[in-house]
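In what follows, a structure is listed as structure tokens, so that the remarks can point back to it.
The values are calculated or read from the model by the stated rules, or taken from the named source; none is laboratory data. It should be emphasised that the depicted structure is a prediction, and the values quoted were computed from it without experimental measurement. We place every Cβ from the backbone using ideal geometry, glycine too, and count neighbours over all the protein chains shown. Side chains are part of the model used for accessible areas, which takes the heavy atoms of the whole protein and leaves out ligands, DNA and RNA. Shrake-Rupley method; radii C 1.70, N 1.55, O 1.52, S 1.80 Å.
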Amino acid sequence: MSAHVRSRVLCSLFVAMLLIIVPLTVFAATQSPEPVGRMTANAAGLSFQIGSDNESVTLTISGPNNFQYSHQFAAARSISLRLRDIGATLPDGSYTYEMRLSPRVSDGVRSQLAAAREKGDDAALERIRNDAGLREMPSQSGAFTIMNGSLISSDVNEPPSGPRDKVALSNGTGTAKSQAVHNAPVRALDVVTADDAIIQGSACIGLDCVNNESFGFDTIRLKENNTRIKFDDTSTSAGFANHDWQLTANDSASGGANKFSVEDITAATVPMTITGSAPTNSIFVDSTGRVGFRTSTPVLDLHVATSNTPAMRLEQNNSGGFTAQTWDVAGNEANFFVRDVTGGSRLPFRIRPGAPTSSVDIAASGNVGIGTASPGAKLDIGTGATARGGFTKFLIGNGGDTAQMEFYGTSKSAAISYDGTSMAFFTNGSSFVQALTLTNTGNVGIGSTAPGS
């Protein structure tokens, strides 16, 4: 074989290898990241293979008809679930899952974290976490589908509906040109234009684009079974931003989510996702910058509108080494409340509709007023003629070592005070008179402020 022939053969092999390797590389780079582990759905159920060591894994699943499932698995490296483990009868549809790992934390470090948290010392918290090597554990989200009561396998790949290769066409017309399409050798042809390209019309990109495509009002259309737009930043100089980004429409795996995502390809994260069938105005930003959730007419900077108990969940998960705790802040026609979800969904704080102004009022001095906007003591209850016990006002003051409670009626008053050595009881109209004194030594004075026995 001559050197010229060998050179052509080697070039052909190199081109063939590129045609195989490049598509595979692009495919691998654009898949949804799986930082925790691989999820598999099949006839037996769901399985999760977890790569990182952990103290526990929290799996949360949400689906149609407000379905919610959450379970914590201790030190799991693999999880297997059957449909009946998740729920008795699950409706058909798309389900989303989220897996969160919690790190292993020793009892000593946990005690130190709790003490620093109690003091509100954020600097100490960070120092303890850094010294213990604690870091935020990864989380992972994805989707699976139930159809006709069964899971759709996640291992099925959808074949392309259009031709995969570009074809070199002859200059023939009619039948000759059509036959040339079928008989022409398959080879890769790229169109390179070393100048600006201007298309005075619409453009269709994808394997399923056809001749005489009906565009409607579409200016650019992507048309095939896996549509992606990737922003590949080629910056290499120090100090210049270089992350690659991608707009992704729908998962490519079977049973995956109908969704539109913004993916950070470089960091292998998906910072924003909108799932299919999300209601109109799920997020709406008006011309003034106000944000509406489920409303197109936000009145304030943040406006949440729904038909049943608009709420906000504050969930601290255990992926950072802290104890998990969840609170809800919500309101409806019955009350505005704070719910301790972790503590059994108790409602430690509630406000009923129609409560008067300054029902609870904290002044700049730290004084707390109940029924008054100008509390005159640490605790000032001034609730009018309907006050509990018949009093219109009740004060608790604290001045150094002296503590005093004052009671005001419509025409009478009384007080109890303690100065560190004795307790005194005062009565009589508008001016307090010390009527009874009890000392720390047990002496009792009636009409005497310094009893000797």
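Would you point out which residue out of Ser111, Ser94 is outside any loop (DSSP other than H, G, I, E, B) and open to solvent by 60 Å² or more (accessible area, probe 1.4 Å)? Spell out how you get there, then give the answer.
On the way: Ser94 fails: open to solvent by 60 Å² or more (accessible area, probe 1.4 Å).
Every option except Ser111 fails the conditions.
Taking interchain pairs and intrachain pairs at least six residues apart, which have beta carbon atoms under 8 angstrom, with the first residue in the range 309-332 and under 17 Å from Arg135 (Cβ atoms) and without any contact (Cβ under 8 Å) to a residue 60 or more places away in the chain and the second open to solvent by less than 60 Å² (accessible area, probe 1.4 Å) and of a type in the set (Phe, Trp, Tyr)?
Gln316/Phe322
Picking from Gly239, Gly255, Gly201, Gly292, which residue would you name as being assigned to a loop (DSSP other than H, G, I, E, B) and within 30 Å of Thr306 (Cβ to Cβ)?
Every option except Gly255 fails the conditions.
For the range 316-326, state whether one or more residues are more than 25 Å from the chain's Cα centre (by Cα), part of a loop (DSSP other than H, G, I, E, B) and not acidic (Asp, Glu).
Checked the range 316-326: no residue is more than 25 Å from the chain's Cα centre (by Cα), part of a loop (DSSP other than H, G, I, E, B) and not acidic (Asp, Glu).
Kindly indicate the residue of the range 259-279 that is farther than 21 Å from Phe293 by Cα and assigned to a loop (DSSP other than H, G, I, E, B) and also most open to solvent (accessible area, probe 1.4 Å) among those meeting that condition.
Thr266
Look at the range 242-252 and say how many of its residues are part of a loop (DSSP other than H, G, I, E, B), open to solvent by 50 Å² or more (accessible area, probe 1.4 Å) and either closer than 24 Å to Ser94 by Cβ or without any contact (Cβ under 8 Å) to a residue 24 or more places away in the chain (or both).
Total satisfying the criteria: 1.
How about the range 117-137: which of its residues are assigned to a helix (DSSP H, G or I), touching a helix residue (DSSP H, G or I) at 6+ places or on another chain (Cβ under 7 Å) and within 20 Å of Asn317 (Cβ to Cβ)?
Selection gives Arg117, Leu125, Ile128.
So the check is Cβ under 6 Å with 6+ separation or different chains; which pairs have a first residue in the range 215-230 that's touching a residue at least 12 places away in the same chain (Cβ under 8 Å) and a second one that's of a type in the set (A, V, I, L, M)?
Ile220/Ala203; Leu222/Ile205; Glu224/Leu207; Thr227/Ala249; Ile229/Leu247
With respect to Ile446, determine if the residue is touching a Leu at 6+ places or on another chain (Cβ under 8 Å), modelled with pLDDT of 70 or more and open to solvent by 80 Å² or more (accessible area, probe 1.4 Å).
Taking the combined requirement at face value, the residue satisfies it.
Residue under question is Ala124, and the condition is that it be surrounded by 13 or more Cβ atoms within 10 Å (Cβ to Cβ) and over 24 Å from the mean Cα position of the chain (by Cα); does it hold? Don't jump to the end; show me each part of the working.
Working: surrounded by 13 or more Cβ atoms within 10 Å (Cβ to Cβ): yes; over 24 Å from the mean Cα position of the chain (by Cα): yes.
When the stated conditions are applied, Ala124 passes them.
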